[in-house]
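K.L.:
This is the structure, below, for whatever I ask next.
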Amino acid sequence: MQNVTPFAASALLVELVPAALFGFAAERVARAVTRWPMALRIIFPALFVAPYLLVALSAHVFSWQWCVLYAGLPVAIAWLLLHASAVDPEQRGDWRDYFILLIVGLAVDLRWFEAAWPSGLRALNELFLVDAGLYGFLTIRRLNGTGFNFCFRWSDWKTGLRELALFAPTVLVLGIALGFIHPRRNLPGLVSVIVRWIAIFFFTAVPEELFFRSWVQNLLERRVGRRTALVLASIVFGLSHFNKRLGPNAHFNWQYVLLATIAGIFYGRAWRENRRVPASTITHTSVDWMWGLWF
C-alpha cells in the first residue's frame, strides 16, 4: 500500500481539479466547453478514467472491464444529457436525467464499483461520479439553478446555521428516544475539530448535497413544485441511508432512514432559500460533525 500512496494522492488531486473548476468558475468552464466540436464534448470525459489508471496500475489491480466502465460511463452520461437538452430545452426534467441519477445513486449506495479500488481508496470512486455528473449536467445539459459554488457568502452561513439550530433539537430528542444515538464525552483538540469539519464538508456533504439538492430536488421542483420536491427529495435522501450503520442481523436501518429523511427537509430548506449548495452543505457538515464527535 505504501507504493500506492503517492499515486493515490495524485489521483485524488486529479479528481479534485474538475470539482474545483466547477465550484469556482462553472459558467466560464461551461461556455468554454460549448465552443468545442460536439464529438469532442462527448468524448472528452473519457479522460476521467485517469485516476483509476493511476491507482490500479500502481497497485497491480488493473482490469480492462473496470477501465472500460470508468472511461465509458462519463461519455454515456454526456451523450444521454445531450439528447435530454435537445428534447427538454425548458429543463423540466427528462427521463434521461432521472435515469442517470438513478444509476449514479445506486452505484454509490449499493457500492457497485468499489471492488475496482484497493481497500481504503474507494472514496475515489464517489469523486469520479461527482466529476462525471458535474461535467454532464453543467456543461452538456447546462442545468440552471444548481447552486454549486464554492464562493461562500455570509448568507450561506446565516441560512446553514439557522437550519442547523432548527434541526438539532429535533434529531437529538428523537434520536435518543429511538435509542439510535447515545451521548458521549469527547474533548478533541482544536486542530482535530477543524480538520474533521473540513473533511466532512468536502468528502461527504458536498457530494451528497450536489446529488440530492442540486440535481434531484432541483429537477423535481420543475415538475411537482417546491414543497412536494422538498418532501420527495428528502425521502429519497433518507432511503439512501437504509444500509448505513447496520447491525449484524439488520437489513433495513429504519431509524437512520427516518432521521436522515427529517435531516433532508432541513438541508433542502437551506438549499432552496437562495439555491445555494454551500448553505445546505454547512448544515449537513455541522450535523455529521456533531454526530461524530459527541454521539
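K.L.:
Can you tell me which of (1) over 20 Å from PHE48 (Cβ atoms); (2) touching a helix residue (DSSP H, G or I) at 6+ places or on another chain (Cβ under 9 Å); (3) in a helix (DSSP H, G or I) is the one PHE211 doesn't meet?
P.N.:
Condition not satisfied by PHE211: (1).
K.L.:
Starting from segment 169-195, take each residue that is more than 11 Å from LEU259 (Cα to Cα) and list its partners that are part of a helix (DSSP H, G or I) and aliphatic (A, V, I, L, M), counting only C-beta distances under 9 angstrom and pairs at least six apart or across chains.
P.N.:
Going by the 9 Å Cβ cut-off, the qualifying pairs are HIS182/ILE176; PRO183/LEU172; PRO183/ILE176; ARG184/LEU293; ASN186/LEU293; PRO188/LEU293; VAL193/LEU293.
K.L.:
So, one more: Please work out if ARG141 is farther than 16 Å from PHE22 by Cβ and basic (Lys, Arg).
P.N.:
So ARG141 fails the test.
K.L.:
Just checking, which of VAL17, VAL68, VAL33, VAL61 is surrounded by fewer than 19 Cβ atoms within 10 Å (Cβ to Cβ), under 29 Å from GLY145 (Cβ atoms) and out of contact with any helix residue (DSSP H, G or I) (no Cβ under 6 Å at 6 or more places or on another chain)?
P.N.:
VAL17
K.L.:
Another question about this same structure. The conditions are (1) in contact with a helix residue (DSSP H, G or I) (Cβ under 7 Å, 6 or more places away or on another chain); (2) in a helix (DSSP H, G or I); (3) among the hydroxyl-bearing types (Ser, Thr, Tyr), and SER192 fails exactly one of them. Which is it?
P.N.:
Here SER192 clears every test but (1).
K.L.:
OK, next. Just to be sure, is LEU138 surrounded by fewer than 19 Cβ atoms within 10 Å (Cβ to Cβ) and not acidic (Asp, Glu)?
P.N.:
Answer is no for this residue.
K.L.:
Right, here's the next one. Which one of ALA123, ALA115 is surrounded by fewer than 21 Cβ atoms within 10 Å (Cβ to Cβ), in contact with a Phe, Trp or Tyr (Cβ under 8 Å, 6 or more places away or on another chain), assigned by TED's automatic domain parsing to the domain that holds LEU47 and among the aliphatic types (A, V, I, L, M)?
P.N.:
ALA123 is the lone residue from the list that is surrounded by fewer than 21 Cβ atoms within 10 Å (Cβ to Cβ), in contact with a Phe, Trp or Tyr (Cβ under 8 Å, 6 or more places away or on another chain), assigned by TED's automatic domain parsing to the domain that holds LEU47 and among the aliphatic types (A, V, I, L, M).
K.L.:
With segment 6-98 as the region, which helices (runs of 4 or more DSSP H) entirely inside it contain at least 1 residues that are closer than 14 Å to ILE140 by Cβ and touching a residue at least 40 places away in the same chain (Cβ under 8 Å)?
P.N.:
38-43, 64-87
K.L.:
Taking ARG92 and the conditions (1) more than 18 Å from PHE113 (Cβ to Cβ); (2) modelled with pLDDT of 95 or more, which numbered condition does it fall short on, given that it satisfies the others?
P.N.:
Only one criterion in (1) more than 18 Å from PHE113 (Cβ to Cβ); (2) modelled with pLDDT of 95 or more is unmet by ARG92, namely (2).
K.L.:
Would you check if there is a residue in segment 123-145 being free of Cβ contacts under 8 Å to residues at least 40 places away in the same chain, in contact with an Asp or Glu (Cβ under 8 Å, 6 or more places away or on another chain) and closer than 30 Å to PHE99 by Cβ?
P.N.:
Yes, that holds for at least one residue.
K.L.:
Here is a list of conditions, (1) in contact with a Pro (Cβ under 6 Å, 6 or more places away or on another chain); (2) under 20 Å from SER280 (Cβ atoms); (3) modelled with pLDDT of 95 or more, and PHE152 meets all of them except one; can you say which number that is?
P.N.:
The failed condition is (3).
K.L.:
For a quick check of your reading of the model, give me the residue pairs whose first member lies in segment 207-226 and is under 17 Å from THR261 (Cβ atoms), whose second is among the hydroxyl-bearing types (Ser, Thr, Tyr), with beta-carbon atoms closer than 6 Å and at least 6 apart or on different chains.
P.N.:
GLU209/SER280; GLU209/THR281; ARG213/SER280
K.L.:
Also, quick follow-up: In the set ARG162, ARG142, ARG185, which member is modelled with pLDDT of 95 or more, basic (Lys, Arg) and part of a loop (DSSP other than H, G, I, E, B)?
P.N.:
Exactly one residue qualifies, and that residue is ARG142.
K.L.:
Given the options ALA84, ALA56, ALA78, name the one that is crowded, with 18+ Cβ neighbours inside 10 Å, among the small types (Gly, Ala, Ser), modelled with pLDDT under 95 and out of contact with any His (no Cβ under 8 Å at 6 or more places or on another chain).
P.N.:
From the options ALA84, ALA56, ALA78, the qualifying one is ALA56.
K.L.:
Under 7 Å between Cβ atoms, which residue pairs at least 6 apart in sequence (or on different chains) link something in segment 267-278 that is under 19 Å from ALA26 (Cβ atoms) with a partner that is assigned to a helix (DSSP H, G or I) and of a type in the set (Gly, Ala, Ser)?
P.N.:
So the pair list comes out as TRP271/ALA279; TRP271/SER280; ASN274/SER155; VAL277/SER214.
The values are calculated or read from the model by the stated rules, or taken from the named source; none is laboratory data. Note that this is a predicted model, so its numbers are computed, not measured. Every residue, glycine among them, receives a Cβ derived from its backbone with ideal geometry; neighbour counts consider all protein chains shown.
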